[in-house]
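What follows is one structure encoded as structure tokens, with my remarks underneath.
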Amino acid sequence: MNLNSEKTVSEPGQIDTRTQILEAAGAVFASVGFRDATVREICHRAGVNIAAVNYHFGDKETLYREVLRYSQTLAFTQYPPLLEVSPEAPPEERLRAFLHSWLLRTFSPGAIAWHGQLISREMVDPTGVLDEIVRDKIHPLSVQLRGIVGEILGRPPGDEAVRLCTLSIVGQCVFYHHCRPVLTRLFPQQPPLDTLGTERLADHITRFSLAAMRHLAAPATV
């Protein structure tokens, strides 16, 4: 099933129930993961009976796929990859926007946060949906970021240095999410990483990455 596939328009009254189930399921899947989540708990949180899940989604795996699709739609609608920056802007500006957008989708509260949490869970404990996520979302973002990095380095997107720099940049973003429990214990005096904090973090990762790439792009000295 394609994560970007279109759904048949529901009849009036069905939309609310379907959304209730998606939002309840998103909270449960994000909290305990696909394997440990139960349809019973999801229905309890949604205030519906199990028959409603069967009617709207058929089974837990389909519900999980639709939760990912729902959260991705919300996340990328509110925070598109370049935010409000023009595709014609300098690559350094596009890099900063790309990183800020990524961090906003990861750390914003509510249903958007499920996107970051669920993708993180897929990375460490993959389900059968991961191939679709990579194909439909992660790969296009990778192509876009490699294009930006390639412009900064003055190399083609397929260059090995571009690939490694792109992975290093992504690694910084992923670190702050995966290691958040450790960071809050190491630096309890620091404010939580909310939507305001993501702007400061995007600035730091951008400056750090640009400094590294400028060093790599500079001619080697003997």
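The values are calculated or read from the model by the stated rules, or taken from the named source; none is laboratory data. Keep in mind that what you see is a predicted model, and the values were worked out from it rather than measured. FYI the Cβ positions are ideal-geometry reconstructions off the backbone, even for glycines, and counts take in every protein chain you see. Side chains are part of the model used for accessible areas, which takes the heavy atoms of the whole protein and leaves out ligands, DNA and RNA. Shrake-Rupley method; radii C 1.70, N 1.55, O 1.52, S 1.80 Å.
Would it be correct to say that ILE112 is open to solvent by less than 50 Å² (accessible area, probe 1.4 Å), β-branched (Val, Ile, Thr), in contact with a Leu (Cβ under 7 Å, 6 or more places away or on another chain) and not in a loop (DSSP other than H, G, I, E, B)? Talk me through it step by step, then tell me what you get.
Numbers: open to solvent by less than 50 Å² (accessible area, probe 1.4 Å): yes; β-branched (Val, Ile, Thr): yes; in contact with a Leu (Cβ under 7 Å, 6 or more places away or on another chain): yes; not in a loop (DSSP other than H, G, I, E, B): yes.
When the stated conditions are applied, ILE112 passes them.
Sub-7 Å Cβ pairs linking a first residue in region 73-87 that is within 17 Å of ILE133 (Cβ to Cβ) to a second residue that is buried (at least 16 other Cβ atoms within 10 Å of the Cβ) and β-branched (Val, Ile, Thr), at least 6 apart or interchain, are LEU74/ILE112; ALA75/ILE112, ordered by first then second residue.
Being more than 30 Å from MET213 (Cβ to Cβ) and of a type in the set (S, T, N, Q): is that true of THR106 here? No, not satisfied.
May I ask you to list the residues in region 124-143 that are surrounded by 13 or more Cβ atoms within 10 Å (Cβ to Cβ) and in a helix (DSSP H, G or I)? Outline the logic, then answer.
Initial filter on region 124-143 (surrounded by 13 or more Cβ atoms within 10 Å (Cβ to Cβ)): 126-127, 129-130, 132-138, 141-142.
Matches in region 124-143: LEU130, GLU132, ILE133, VAL134, ARG135, ASP136, LYS137, ILE138, LEU141, SER142.
Of the listed requirements (1) outside any loop (DSSP other than H, G, I, E, B); (2) over 23 Å from ALA211 (Cβ atoms); (3) open to solvent by 50 Å² or more (accessible area, probe 1.4 Å); (4) without any contact (Cβ under 8 Å) to a residue 40 or more places away in the chain, ARG146 misses just one: (2).
With exposed (fewer than 14 other Cβ atoms within 10 Å of the Cβ) and at pLDDT 95 or above as the only criterion, which of GLU88, GLU92 stands out? Walk me through how you get there before you give the answer.
Numbers: GLU92 fails: exposed (fewer than 14 other Cβ atoms within 10 Å of the Cβ).
Going through GLU88, GLU92 in turn, just one is exposed (fewer than 14 other Cβ atoms within 10 Å of the Cβ) and at pLDDT 95 or above: GLU88.
Pick from region 168-194 the residues that are polar (S, T, N, Q) and exposed (fewer than 13 other Cβ atoms within 10 Å of the Cβ): which of them is modelled with the lowest pLDDT?
Start the filter on region 168-194 by keeping residues that are polar (S, T, N, Q), which leaves 168, 172, 184, 189-190.
If we keep only those that are exposed (fewer than 13 other Cβ atoms within 10 Å of the Cβ) as well, we get 184, 189-190.
Numbers: THR184: 85, GLN189: 82, GLN190: 78.
Here the answer is GLN190.
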